[in-house]
Amino acid sequence: MNPAGRLPRARGLTLVELMVTMALGLFLVGVMGTIFLGSKGTFQSQNQVARLQESARFSVDTISADLRMAGFQGCRGLGTTTPMVNTLNTPTAFRYNFAQGVWASRHNGSAWVPALDSTLTSLTAAPASPGDVLTVRRAVGTGWSLTAEMASATSALNVTPTGQITAGNLLMVSDCSGSAVFQATNASPGVGGSIAHSASVTATPGVSTSSLGRAFLQDAVVYRLTTVTYYLAPSQRTGKTSQRALWSFTSPVYDGTTQPQELVTGVEGFRVTLGLDSNGDGAADAYAAPADVTDWSQVVTVQTQLLLASTEDGITSSFQPYTFDGTTVTPTDRRLRTVVSLTAQVRNALR
């Protein structure tokens, strides 16, 4: 018990103790901040690496799948020299030249060589330079076998009824002796299982003749045809026109997708080199730029190179040089970049 009138002695921190406590607190805050920033940077870096790897994988898989089907004409490629019969009104037009499986173009700084078709230059997201353009014409799906032989070259083709074939579809009928391209001109060819190809029906592009060249037997198969073009254009996903993306334009479309499509964001470079078979042995004897190809039927191999960049800046700790199309470049930003290459054999190339 305290003596009367005496208060308990006050106790607290001295100035030295307070300064030591504050220093320890600031040190702990600094350590935790460093750990947080390091973890955040590691997460961002790993996230961008994963995105680049996924974008590269998707790009390569998508392009290679189309290239390996370029110029597909069923079993017609087994040694036959019979040319494809194309009954469309404009058989050599860009979207309908199915005898030419692969086509490409490159911008030389002033113009596209070979020149781009108006089908591409009129797109909302048109091909932009620098960057190449690659077009693949191919069959879609596994096809439908005929259920009966044709009575004549102008007769309808009978297949198992299916709603997948609709009026206006571009089609090819093929067997091991040859193939013919035509357009379905009746109202419900798939539902009825009978595909007409009449020159008297107005359609786009329509057919110039009802004759497929000959009557196909029951071993023939009907395929849908499409033309797919890959190119670079400014990205519309990020809202930053400075970022570019890999786009595709498909015509005609069979799944209702609005065209064109932005496939992969953050693609800064796209290069196409073509392997040419000049002696007919099926192997590439030389590789050429699109402008140097004079006979597109000689294309048996396609090499593509893509330069992908992270959508976010400040990922790397310093400027990271990269080599693309034989040139080493040191960028002025700190984006993460990778270069992926693809060499695809055009398995259906016909000479």
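The values are calculated or read from the model by the stated rules, or taken from the named source; none is laboratory data. Keep in mind it's a predicted model, so treat the numbers as computed, not measured. Here the Cβ positions follow ideal geometry from the backbone for every residue, glycine too, while neighbour counts run over all protein chains shown. Areas reflect the complete protein model, heavy atoms only, side chains present, ligands, DNA and RNA absent. Shrake-Rupley method; radii C 1.70, N 1.55, O 1.52, S 1.80 Å.
Some values worked out for this structure:
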read-out: Neighbour net charge for P321 - beta-carbon separation under 15 angstrom, K R +1, D E -1; value: 0
read-out: P(r) tail fraction, region 96-230 - alpha-carbon pairs more than 17 Å apart, %; value: 63 percent
read-out: Accessible carbon and sulfur surface of the chain relative to its total accessible area, %, 1.4 Å; value: 54 percent
read-out: Largest-first principal axis extents of the Cα set of the chain (Å); value: 128, 49, 34
read-out: Accessible surface, region 208-306, averaged per residue in Å² (probe 1.4 Å); value: 40 Å²
read-out: Integer Hz, Karplus 6.51/-1.76/1.60 couplings in order for region 212-221, x for Gly and Pro; value: 8, x, 6, 7, 8, 7, 5, 7, 7, 10
read-out: Cα gyration tensor category, rounded, prolate or oblate, for region 166-207 with a/c compared to 1.5; value: oblate
read-out: Whole-angstrom Cα spans of region 64-143 along principal axes, big to small; value: 42, 30, 23
read-out: W296 accessible area, assembled protein chains, probe 1.4 Å, Å²; value: 40 Å²
read-out: Rel. contact order, % - alpha carbon contacts under 8 angstrom, at least six apart, region 203-336; value: 16 percent
read-out: Residue-level accessible surface for H197, protein heavy atoms, 1.4 Å, Å²; value: 10 Å²
read-out: Region 177-191 - phi-based ³J(HN,Hα) in whole Hz, Karplus 6.51/-1.76/1.60, Gly and Pro as x; value: 9, x, 8, 9, 9, 8, 10, 6, 10, 8, 5, 9, x, x, 4
read-out: For region 198-351, convex hull of alpha carbons as volume per residue, Å³; value: 190 Å³
read-out: Label-point gap, in nm, between T142 and T121 - each point 7 angstrom along Cα→Cβ; value: 4.3 nm
read-out: Within a Gaussian network of the chain (alpha carbon springs, distance under 10 Å), most fluctuating of V29, V264, V201; value: V29
read-out: Choice from P127, P83, P91 with maximal GNM fluctuation in the chain (Cα, 10 Å cutoff); value: P83
read-out: Max mean-square fluctuation residue, GNM over the chain, Cα-Cα springs under 10 Å, options L134, L24, L217; value: L24
read-out: Percent of Cα-Cα distances greater than 16 Å, calculated over region 122-166; value: 64 percent
read-out: Rounded to 10°, Cα long-axis angle of helix 15-67 versus longest principal axis of the chain; value: 0 degrees
read-out: Cα gyration tensor shape of region 208-299, rounded if a/c is under 1.5, else prolate or oblate by comparing a/b with b/c; value: oblate
read-out: Estimated vicinal HN-Hα couplings, Hz - region 124-132 in sequence order (Karplus 6.51, -1.76, 1.60; Gly, Pro = x); value: 4, 10, 7, x, 10, 9, x, x, 8
